[in-house]
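Reviewing the structure listed below.
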Amino acid sequence: IIGGEKATLGEFPHMVAIGFDRGNGYQFDCGGALISDTYVLTAAHCIINLERVEPQIIRAGVVTLGDNTWHDESDYRIAQNIPHPNYTHSSKYNDIALLRLEKPVEVSENLHAACLYTSNLDPLTPLTITGWGRISTQQSLTSNVLLKTKVNAVSRERCTPEYTGWRKLPSGIIDDQLCAGDPQGGHDACQGDSGGPLQISESDVAYRIVGVTSFGKGCGTTTPGVYTRVSSYVDWIESVVWPN
Ligand code: 4AZ
């Protein structure tokens, strides 16, 4: 997260870090959001990636990641990685996935599921992004503490021109995606934040998940980042998580 502030324990109780074992401990290269006690919502590109192994664990109910060893109190094994059936490596569309955990999380004040934002309309209020990803584009430095910042939804009309000519976006930005950014620059998601949630603050349930951090042209500029729009995928999510 560029331009972020530290989140406090329990502020984003659905936020999880996704861990990849490349032979020397876990690397937390993606974020995710708990949407039931056994399912995490994330990005498909976090699972399907040419060079990278599939994720093995999530770390949940913490704001500080700590070291790359197994933590009994906060770590849960992934039983199944479920990318959206229409995601392919050759495009950036349908960049959404579910992770099924081996066993349900131990629900607490600091660890529980979030609700989904099911309206197709772009929220008019500022949206909050969270993650342990890069804090600068210049360096590979990431954050050990969960960071949060605010961005605003940007219309498809204003966002598409920023992404014209991208080979993996043959139809430009589509309605199944949502752009969000800082008109001044300086507040943004970055590498390592993808898969994590774009959230709207609501009085009744704290936060609802509006989007999944997908990609962007650089980080922290006035170019909006691109998020997968959760409301377009509610039927698929429900068919996997709540089939009955
Ligand atoms: C990434 O590489 C990434 N500024 C995620 C979000 C953004 C840029 C890059 C948005 O995962």
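The values are calculated or read from the model by the stated rules, or taken from the named source; none is laboratory data. Computed from a predicted structure; not experimentally measured. Don't worry about glycine lacking a Cβ; one is built from the backbone with ideal geometry, like all the others, and counts go over all protein chains shown. With ligands, DNA and RNA removed, areas are computed over all heavy atoms of the protein, side chains included. Shrake-Rupley method; radii C 1.70, N 1.55, O 1.52, S 1.80 Å.
Please give the calculated 222 nm ellipticity per residue for the chain, where each DSSP H segment of at least 4 residues contributes -39500 (n - 2.57) and the sum is spread over every residue; nearest 500 deg cm²/dmol? Mind dumping the intermediate values first?
Working: 2 runs with 12 residues, N = 244.
Result for the chain, helices only: -1000 deg cm²/dmol.
When the Cα atoms of the range 55-140 are aligned to their principal axes, the ranges along those axes come out at 39, 33, 30 Å in descending order.
Of the trypsin sites (Lys or Arg not before Pro) found in the range 1-85, those in coil by DSSP whose Cβ has at most 14 other Cβ atoms within 10 Å are 22.
Convex hull volume of the C-alpha atoms in the range 144-244, normalised per residue: 137 Å³. For residue 235, the solvent-accessible surface with a 1.4 Å probe is about 120 Å², rounded to the nearest 10.
Under the combined filter of DSSP loop state and at most 15 neighbouring Cβ atoms within 10 Å, the range 81-185 retains these trypsin sites (Lys or Arg not before Pro): 167, 168. Residues 140, 108 ordered from highest to lowest accessible area at a 1.4 Å probe: 140, 108. Taking θ as phi - 60° and the Karplus parameters 6.51, -1.76 and 1.60, the scalar couplings of the range 174-186 work out to 10, 5, 7, 10, 9, 9, 8, x, 10, x, 8, x, x Hz in sequence order, x denoting glycine and proline. Using a cutoff of 8 angstrom between alpha carbon atoms and counting only pairs six or more residues apart, the relative contact order for the chain works out to 24 percent.
Give the ranking of 160, 42 by solvent-accessible surface, highest area first, calculated with a 1.4 Å probe. Write down the numbers at each step before the final one.
Values: 160 35, 42 0 Å².
Accessible-area ranking of 160, 42, largest first: 160, 42.
Taking the charge dipole of the range 76-182 about its Cα centre, with +1 at Lys and Arg Cβ atoms and -1 at Asp and Glu Cβ atoms, the residue from 136, 84, 160 reaching farthest to the positive side is 136. Rounded to the nearest 20 debye, the dipole magnitude of the chain is 660 debye, with +1 charges on Lys and Arg beta carbons, -1 on Asp and Glu beta carbons, and the Cα centre as origin. When the alpha carbon gyration tensor of the chain is reduced to an equivalent ellipsoid, the three semi-axes, largest first, read 25, 20, 19 Å. Kirkwood radius for the range 131-201, taken over all pairs of different Cα atoms as the inverse mean of 1/r, rounds to 13.7 Å. Here, the range 91-219 is characterised by an Rg to Rh ratio of 0.96, where Rg is the alpha-carbon radius of gyration and Rh the Kirkwood radius. Farthest toward the positive end of the dipole of the range 178-244, out of 191, 211, 231, is the Cα of 191, where the dipole comes from beta carbon charges about the Cα centre.
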